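The values are calculated or read from the model by the stated rules, or taken from the named source; none is laboratory data. Note that the structure is a prediction, hence the values are computed from the model and not measured. Here Cβ is always computed from backbone atoms with ideal geometry, including for glycine, and neighbour counts include all displayed protein chains.
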Amino acid sequence: MISPRAGLAALALTLITRAAQAQTLPPAAPPGPPAPPPAAAQAPLGYAPPPAGYAPPPDGYALPPGYAYAPPPGYAYAPPPGYQYRPLVNGPETLPYQDGYPIPDGYRPGTRRRTGLIIAGAATFGAVYALNVLGASAGGDNGALFVPVVGPFIELGHLNASPLTPLAGIFLVLDGLAQTAGVAMLIGGIASTKPVLVRQDVAKTTVRITPLTMGYAGTAPGIGLVGTM
């Protein structure tokens, strides 16, 4: 049987041993900061943050059938068959073309009407024929002047003998020749073309001749130009 003194001695020895062990052990390190969250995935090219005030859809929101935020795996845009890439060019609409020289980027070989002949022919014919219409509208026996090109020559055969007949004849001949030259230049400019380099985003120019009615009460025949530039 253990005596009370022996029990107290054993308890004291146990307390002294634990105190010595506590003094020899290093103090516990304080807890460190929490680990940072994993880095977010890099945004794809062309990604833009949502606009200010944007809010995600509410809970329970369902997308329409077949709709997806991202294209399916392996998706790639393909242009329609026959599509040709046309680079953006800020140069002039047309450039002179010479056979054998390289073609600049954004241009293609093409043709254009000879606008110089078209403008010169239309201006010559229009100015002279307008004078004939004004003269014929003044009255008198000169209704043949309403007819373009051949009207002055028809009127030349209807001149009455007078001191001014030679002068009037010369005027009518020059009048008819001027109209003929204007129409010839106009037709030549429309019928003939010249090679040029056309910018790829420029539409094609079209010009055509169409009949018109002119003169008093719209009874005289005429011609006009209709087209796209």
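Being at pLDDT 70 or above, part of a loop (DSSP other than H, G, I, E, B) and loosely packed, with under 10 Cβ neighbours inside 10 Å holds for only one residue in Gly53, Gly32, Gly66, and it is Gly53. Inspect all residues belonging to the range 113-124 and state whether any of them is touching a residue at least 60 places away in the same chain (Cβ under 8 Å), in a loop (DSSP other than H, G, I, E, B), touching a Leu at 6+ places or on another chain (Cβ under 7 Å) and not polar (S, T, N, Q). Checked the range 113-124: no residue is touching a residue at least 60 places away in the same chain (Cβ under 8 Å), in a loop (DSSP other than H, G, I, E, B), touching a Leu at 6+ places or on another chain (Cβ under 7 Å) and not polar (S, T, N, Q).
So for the range 95-105 (the condition being buried (at least 17 other Cβ atoms within 10 Å of the Cβ), touching a strand residue (DSSP E or B) at 6+ places or on another chain (Cβ under 8 Å) and under 24 Å from Asp201 (Cβ atoms)), does at least one residue qualify?
Yes - at least one qualifying residue is present in the range 95-105.
Looking across Gly135, Gly110, Gly116, one residue alone is among the small types (Gly, Ala, Ser), surrounded by 13 or more Cβ atoms within 10 Å (Cβ to Cβ) and within 17 Å of Thr94 (Cβ to Cβ). It is Gly110. The number of residues in the range 151-196 that are under 25 Å from Ala122 (Cα atoms), hydroxyl-bearing (Ser, Thr, Tyr), surrounded by fewer than 18 Cβ atoms within 10 Å (Cβ to Cβ) and out of contact with any Ser or Thr (no Cβ under 6 Å at 6 or more places or on another chain) comes to 1. Does at least one position in the range 1-10 carry a residue that is outside any helix (DSSP H, G or I) and either β-branched (Val, Ile, Thr) or at pLDDT 70 or above (or both)? Yes, some residue in the range 1-10 is outside any helix (DSSP H, G or I) and either β-branched (Val, Ile, Thr) or at pLDDT 70 or above (or both).
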